[in-house]
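Here is the structure we will look at, set down as C-alpha cells.
The values are calculated or read from the model by the stated rules, or taken from the named source; none is laboratory data. Owing to the predicted nature of the structure, the values given are computational and were not obtained by experimental measurement. Cβ placement follows ideal geometry from the backbone for every residue including glycine, while neighbour counts extend to all protein chains displayed.
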Amino acid sequence: MANGRVRLGAWVLGGVAVVGLLGWVILHRPPTEEAGRARMGMAPAIVAATVTKGELPVTVHALGTVTPLSNVTVRTQLSGQLVELGFQEGQTVKQGDFLAQVDPRPYELSLAQYQGQLQRDQALLKDARLDLERYRVLVQQDSIARQQLTAQEALVQQYEGTVASDMAQINTARLNLTYARITAPVSGRVGLRQVDPGNYVTNGDTTGIVTITQMQPMSIIFTLPEDQLPAVRAQLRQGATLAVTAYDRGGQVKLAEGTLTTLDNAIDTTTGTVKLRASFDNKDEALFPNQFVNVEMRVETRGDATLMPSAALLQGAKGPFVYVLDAENKVSVRSVTPGPTFGQMVSITKGVEPGEKVVIDGTDKLRDGMVAKVAGAPAASPDKAQGAGK
C-alpha cells in the first residue's frame with residue numbers, strides 16, 4: 001500500500017515537471033517572423049504632400065438661371081386679318097426685320113378718306129380767310145357791322161381747327177399702316193409662331209404672334225447669402241471687375257465666362273439672400289434661356305496664402321485637424337484653422353507652416369504618434385521612432 005502511494009506521488013511529480021518544462025520552452029522559444037511583425041507593428045502606407053505658399057483665388061459658388069436681357073412678345077397693335085409671316089421658326093432676326101403683315105386695305109381706305117376731308121376743309125378755310133380780309137376792309141370803311149367781322153374771325157378759327165383735326169387723322173391712318181407691317185422690335189432668336197396666316201388678330205391677343213429672345217449678350221441671375229454680400233460690395237466699391245464662370249447643371253462642363261454687372265437693391269427677407277446678375281458674350285450660344293447652371297464667382301485673390309490639398313483636412317470632435325509628418329515619418333495630430341478653398345486646395349490660416357508634410361491618403365489607418373510608410377519612401381524603424389519620441 002505504501003509502495004503504491006510512493007509510485008503515485010512520483011508520477012504526479014513527474015507530470016508537474018513535464019508541464020513546467022513545456023511552459024519554459026514555449027516562453028523562451030525564438031520568435032517567428034509573424035510574431036516579430038506583430039510585436040514591432042507594420043507601418044501603414046500613406047501618401048503625403050508638402051504645404052506650400054502661393055496665391056489663392058477666393059471664390060463663391062451658387063446656382064443660377066440663364067435670363068435673357070430682352071425677351072419680347074411681338075403683338076399686333078391693330079385689328080385685322082394676318083395675311084403674311086416673314087420669318088422662320090428658330091431664325092435669328094435683327095431689329096427692324098419684317099415679321100408679319102396685317103391686311104392694310106381698311107387702313108388705306110381710311111387714309112384716303114381723311115385726305116379727302118383735309119382737301120375740303122382746306123378749301124373752306126381758304127375761302128373763309130379771303131372773306132375775313134374783305135370784312136376787315138369793309139369795317140374800316142364802316143360798310144358792315146363789326147359783329148360780322150368777329151363772326152368771320154371765329155369761322156376761320158373753326159376751319160383751322162378742322163384742318164388740324166384732319167391732319168391728325170391722316171397721321172393716325174399713316175401710323176396704322178406702319179403698324180400693319182410688323183417688324184422686329186429687338187434683335188434675337190425667334191421662337192415658335194403662335195398664330196398662322198389667315199387668322200384675325202387684335203391688340204388684345206395675349207399670346208401675340210411670336211416671341212423674340214435676345215441671345216447675345218446673355219445674363220445669369222444667381223443668389224448669394226447675405227453674409228457674403230459685404231465682400232462683394234467691397235470689391236465693387238473699389239471698381240474691381242469680378243469674374244464669373246458658368247458651368248453646366250452637373251458642375252463639370254464650363255459653359256461661358258463673364259463678369260458681374262450688378263446686384264439687387266434689397267435682400268430677400270424670406271431667404272436671406274440677394275440676387276446678382278452677370279453678363280456673358282455668349283457668342284457660341286452655350287447659354288440657353290431658363291437653363292439652370294452652376295456659377296463660380298472670383299471675389300478676390302489672396303497672395304502668400306498657406307496652401308495644402310483639401311484631402312489632408314479632417315474633422316474631429318475638437319474641430320479641423322491634419323496629420324503632420326516629421327523627419328522620421330512619425331505622425332502627429334495638429335489642430336488647424338482652415339480658410340477659403342479653391343478647387344482641390346484649401347488655405348490654412350493657423351496650424352501648419354509651408355514646408356511641412358501632411359497626410360492626404362491613408363489617414364483612416366493612422367493614430368497620433370504612429371510611424372507611417374510614405375509612398376515611395378522606406379518605412380522608419382518602430383524602435384527608432386519610439387526612441388525619438390522619448
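Quick check, is Asp284 in a loop (DSSP other than H, G, I, E, B) and among the acidic types (Asp, Glu)? Considered against the rule, which asks whether it is in a loop (DSSP other than H, G, I, E, B) and among the acidic types (Asp, Glu), Asp284 comes out as yes.
Just give me the residues in region 313-325 being more than 34 Å from the chain's Cα centre (by Cα), part of a loop (DSSP other than H, G, I, E, B) and either within 11 Å of Ile360 (Cβ to Cβ) or touching a residue at least 12 places away in the same chain (Cβ under 8 Å) (or both), in sequence order. Lay out the reasoning, then the answer.
Of region 313-325, the ones more than 34 Å from the chain's Cα centre (by Cα) are 317-318, 323-325.
Then drop every residue that is not part of a loop (DSSP other than H, G, I, E, B), which leaves 317-318.
Of everything in region 313-325, just one residue is more than 34 Å from the chain's Cα centre (by Cα), part of a loop (DSSP other than H, G, I, E, B) and either within 11 Å of Ile360 (Cβ to Cβ) or touching a residue at least 12 places away in the same chain (Cβ under 8 Å) (or both), namely Lys318.
Listed by position, the strands (runs of 3 or more DSSP E) inside region 27-145 whose residues that are among the hydroxyl-bearing types (Ser, Thr, Tyr) and either over 30 Å from Gly362 (Cβ atoms) or at pLDDT below 95 (or both) number at least 1 are 45-50, 52-68, 71-74. Considering only residues in region 170-184 that are closer than 16 Å to Glu84 by Cβ and assigned to a helix (DSSP H, G or I), the one that is nearest to the chain's Cα centre (by Cα) turns out to be Tyr179. Within region 348-371, the set of residues being loosely packed, with under 11 Cβ neighbours inside 10 Å and either of a type in the set (Val, Ile, Thr) or farther than 20 Å from Glu55 by Cβ (or both) comprises Asp364, Arg367. Here Gly343 passes the criteria (1) surrounded by 13 or more Cβ atoms within 10 Å (Cβ to Cβ); (2) within 30 Å of Thr241 (Cβ to Cβ) except the one numbered (1).
Condition check for Gly23 on (1) at pLDDT 90 or above; (2) assigned to a helix (DSSP H, G or I): one failure, at (1).
The sole residue among Gly272, Gly239 that is exposed (fewer than 13 other Cβ atoms within 10 Å of the Cβ), in contact (Cβ under 8 Å) with a residue 40 or more places away in the chain and over 30 Å from Ile46 (Cα atoms) is Gly272.
Does Thr245 satisfy the condition of being surrounded by 13 or more Cβ atoms within 10 Å (Cβ to Cβ), in the same structural domain as Glu296 (by TED's automatic domain parsing) and modelled with pLDDT of 90 or more? Yes, satisfied.
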